[in-house]
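Here's the structure, in C-alpha cells; my notes come after.
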Amino acid sequence: MRKAGAMVTGLLLLMAVAAWGQQADLEGNIVLRGGQSLAGKIQLAELGVVEGAGIGNTLTGHGAFVLKVGDKTERIPADDIASVDIEWVNAGTEAEPRWEIKKMVVAKRDGSTVEGAPDWLLHATNAWVIGADNKPIKVHVFPFGGEPFSPDDLIAKIQLAAGAAPVAPTPEAPVAPTPEAPTAPTPTAPTPEAPTAPTPTAPTPEAPAPSAPTPEAPVVTPAPQVGPTVVSGPIIGRDVLVFTVRCPKCGSLIKIIITAEAMTVEHIGE
C-alpha cells in the first residue's frame with residue numbers, strides 16, 4: 001500500500017510540474033511605497049499569508065486575488081490581471097503603527113476593473129523577483145512580528161507584462177479537400193443503321209407432278225404496291241421498313257414489316 005501511495009503521489013507531482021512548466025512566466029514590475037521598482041520574473045507578490053492573497057510563478061496556476069466587492073466575493077486569477085494598485089492606511093498611531101490595505105483596484109486584461117477590499121485579515125507583503133541578471137530580489141514586510149520594518153517597503157503596485165497572458169493554442173489549419181478526379185464522359189455508342197431490306201421475290205410455283213395434267217400457270221397480277229414506306233426518323237433507336245405485297249398462294253394482301261430486330265408478316269385482307 002505504501003508503494004502504491006508513493007507512486008500515486010509521484011505521478012501527481014509530475015503532472016503538477018508538467019502543467020506548471022506549460023504556463024508562461026509572470027513578468028513585470030513590483031513597485032514599493034517608497035518608489036523602488038523590482039523588475040523581472042515575478043516569483044511571488046503576496047499581500048497576505050492565505051490562498052487568494054498573492055500571485056506569482058511559484059503558486060499553482062500563478063495564484064489569484066480574492067476581493068470583497070460589495071456583498072459578494074470575486075476571485076481574479078493572475079493570468080487575467082494587467083495591474084493591481086494597493087492603497088495602504090495606518091490604522092494605528094505613529095508610536096504603534098498598524099498598516100492595513102484599505103482598497104485594491106485590479107485592472108484586468110479584458111479592459112474591465114474590479115475594486116474591492118482584501119478578503120483576508122492579516123495584511124503583510126512579500127516580494128520575490130528574479131532580475132535581469134538572474135539574481136533573486138526579495139523584500140519581506142511583516143508589520144505585526146515585532147521586527148523593524150519600513151512602510152516604504154510595502155507593495156503599492158503590481159504591473160504585469162503583456163506577455164504574461166497565456167498563449168492561446170494555434171488552431172489547426174483546415175485540411176483542404178482532395179479534388180476529385182474529373183470523370184471522363186462515357187462515349188455514346190453509335191446507333192447501328194438498319195440493313196436495307198432486299199426487295200422480296202415472289203416464290204416460284206412448284207411444277208405439277210408428271211401424272212397430273214399440266215395446269216396453266218396462274219397469272220399473278222401484282223397488286224399495286226402500297227410501299228415500301230419507310231417511317232421517317234428512328235423509332236426507339238431503330239429504323240422500320242413497311243411494304244405490302246399480294247400472297248402468291250392465297251392472293252391476299254400481305255403487310256411486311258422489317259426492323260433491325262424482327263420481321264413481321266400480317267394478312268390485312270383483300
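Laboratory data are not the source of any read-out in this text; all were calculated from the coordinates shown. Nothing here was measured: the structure is a model prediction, and the numbers come from that model. All Cβ positions, even for glycine, are placed from backbone atoms using ideal geometry, and neighbour counts span all protein chains on display.
Taking loop as defined by DSSP and a crowding limit of 15 other beta carbons within 10 Å, which trypsin sites (Lys or Arg not before Pro) in the range 97-163 fit? If you can, show how the numbers build up before the last one.
Numbers: sites: Arg98, Lys102, Lys103, Lys108, Arg109, Lys138, Lys157; in loops: Arg98, Arg109.
When the trypsin sites (Lys or Arg not before Pro) of the range 97-163 are filtered for loop state and at most 15 Cβ neighbours within 10 Å, Arg98, Arg109 remain.
May I ask you to derive the FRET efficiency for Gln36 and Ala162 from their Cβ-Cβ distance with R0 = 22 Å, giving the value to the nearest 0.05? Present the calculation step by step, with values, prior to reporting the outcome.
Working: r = 23 Å, r/R0 = 1.04.
Plugging the Cβ-Cβ distance into 1/(1 + (r/R0)^6) gives 0.45.
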Query raised in the report: Under 17 Å Cα-Cα from Lys103, which lysines qualify once same-chain neighbours fewer than 8 residues away are excluded?
Result: Lys68, Lys72, Lys157
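State, as an integer percentage, the relative contact order of the range 58-100 based on alpha-carbon contacts under 8 Å between residues 6 or more apart. Please report the intermediate quantities before stating the final value.
Numbers: 37 pairs, mean separation 10.5, N = 43.
Here the relative contact order equals 24 percent.
Mind sorting Lys255, Lys135 by how few other Cβ atoms lie within 10 Å of their own Cβ, fewest first? Don't jump to the answer; show the numbers that get you there.
Values: Lys255 16, Lys135 9.
Ranked by crowding around the Cβ, least crowded first: Lys135, Lys255.
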Query raised in the report: For the residue pair Thr113 and Glu74, what label-to-label distance in nm results when each label sits 7 Å from Cα along the Cα-to-beta-carbon direction?
Result: 1.2
Query raised in the report: Listing Phe149, Phe142 from the residue with the fewest other Cβ atoms within 10 Å to the one with the most, what is the order?
Result: Phe142, Phe149
Requested in this report: Using Cα positions and a limit of under 16 Å, work out the lysines in reach of Lys135, with same-chain residues fewer than 8 apart set aside.
Outcome: Lys41
Query raised in the report: If the label point is 7 Å along Cα→Cβ of His140, which residues in the range 48-65 have backbone nitrogen under 15 Å from it?
Result: 48-50
Query - Rounded if a/c under 1.5, otherwise prolate or oblate - the range 23-164, Cα gyration tensor axes - result: oblate
Query raised in the report: Normalised by the residues of the range 23-164, what does the relative contact order come to in percent, with Cα pairs under 8 Å and at least six apart?
Result: 32
Requested in this report: Starting from the Cα of Leu121, step 7 Å along the direction of its Cβ; do the same at Ser150; then give the gap between the two resulting points in nm.
Outcome: 3.1
